[in-house]
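The values are calculated or read from the model by the stated rules, or taken from the named source; none is laboratory data. Model, not experiment: these values are computed from the prediction. Cβ coordinates were reconstructed from backbone atoms using ideal geometry, including for glycine residues, and neighbour counts include every protein chain displayed.
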Amino acid sequence: MAKQKKSSPLSSSTVRLPSGMSAFRALPRAKGKRPAVILLHERYGVVQHTKDLTAKLARAGYVGLAPDLFWRFTGDKKALQRGDVRVELRDTEVLDNLGRAIEYLKKLDSVDPSRIGIMGVCQTGRHALLPAAHRDDLSACVVFYGAAGGKEWTTDEYRPEPIEALLQKISCPLLGVFGEADHIISVDDVLRFRGCLEQHKKSFHVRIYRDAPHGWLNDTMPGRYRKEAATDAWKLLLTFLKKSFGGGWDKSRVLWTFESDFSTDYDFKKNVRLE
């Protein structure tokens, strides 16, 4: 169990849940029971970027937990981390894994079990929506450039419900963060995503960042990383979490915020994958 230096405002370690799934956990130094955020990794698994974001959540005062949703994967882990192979997960498996992660957090002395949020990034954007749609004990759901791409609107053996069905059932406010230059999720996809939330009268804050490509929060990928957007989006995230955990969303009201910055000459076909 490797902890940070004593001067650090947090302690972190890799833990193993009763199910056998491992998770990276970061605890703030703040006393008493704290809100918790489950951070879901990108398609690369629990890599350094995932750990960095989990630690940032802890520095902001939250208990951070990044479960390894690929813990049953027995293939080439290094190829997975490079993005050369992809692991597909069934919704049922994800729900089971995240259910166990939520119950694990609820039993920690440092966690307020009534204030747990979840954040999905890229591939796991959809996965964050699953417990928010099938449970009623989450305070916040966050999606960073995920859950709105083309295949999410259809069904297959892994995804028996289209994304619209999940959005219809979410039980907590949602923050959706996207980029203009994303080559996977178009502005039209985001507008459709927003439209579903409005149709089903779900409270949300959705934002599209100017010139931001897919993966722009990841500072370990210089070609994708956009410092200005990433810094602003992190502030937006912390504001959303503070409001969600502090009871700032009136459950008797439907609150919508939509912000966008994209060109009048926007052409999704011109967006390309960056490293």
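Descriptive notes on the structure:
- Selection count, segment 77-91, where residues are touching a helix residue (DSSP H, G or I) at 6+ places or on another chain (Cβ under 9 Å), surrounded by 11 or more Cβ atoms within 10 Å (Cβ to Cβ) and free of Cβ contacts under 8 Å to residues at least 40 places away in the same chain: 1
- Taking segment 12-50 as the range and being assigned to a helix (DSSP H, G or I) and closer than 24 Å to residue 244 by Cα as the test, only 50 passes.
- Annotation note: Cβ proximity below 7 Å between a residue of segment 253-266 that is without any contact (Cβ under 8 Å) to a residue 60 or more places away in the chain and surrounded by 13 or more Cβ atoms within 10 Å (Cβ to Cβ) and a residue that is of a type in the set (Phe, Trp, Tyr) and part of a strand (DSSP E or B) (sequence gap 6+ or interchain) occurs for 256/204.
- Scanning segment 190-225 for residues that are free of Cβ contacts under 8 Å to residues at least 24 places away in the same chain and either within 17 Å of the chain's Cα centre (by Cα) or surrounded by 17 or more Cβ atoms within 10 Å (Cβ to Cβ) (or both) gives a single hit, 225.
- Filter result (small (Gly, Ala, Ser) and under 15 Å from residue 49 (Cα atoms)) within segment 224-234: 230
- For segment 70-79, the criterion of being closer than 27 Å to residue 245 by Cα, at pLDDT 95 or above and among the basic types (Lys, Arg) is met by no residue.
- Taking the criterion of being in contact with a strand residue (DSSP E or B) (Cβ under 9 Å, 6 or more places away or on another chain), among the charged types (D, E, K, R) and within 15 Å of residue 126 (Cα to Cα), the residues of segment 148-202 that qualify are 189, 194.
- Residues of segment 226-250 that turn out to be buried (at least 21 other Cβ atoms within 10 Å of the Cβ) and over 14 Å from the mean Cα position of the chain (by Cα), as a count: 4
- Scoring residue 272 on the criteria (1) surrounded by fewer than 10 Cβ atoms within 10 Å (Cβ to Cβ); (2) without any contact (Cβ under 8 Å) to a residue 60 or more places away in the chain leaves a single failure, condition (2).
- Members of segment 210-228 that are out of contact with any strand residue (DSSP E or B) (no Cβ under 8 Å at 6 or more places or on another chain) and hydrophobic (A, V, I, L, M, F, W, C): 221
- Close pairs (8 angstrom Cβ cut-off, 6 or more residues apart or separate chains): on the phi > 0 side of the Ramachandran plot in segment 118-147, in a strand (DSSP E or B) anywhere: 122/144; 145/121; 145/177; 145/178; 145/179; 147/120; 147/176
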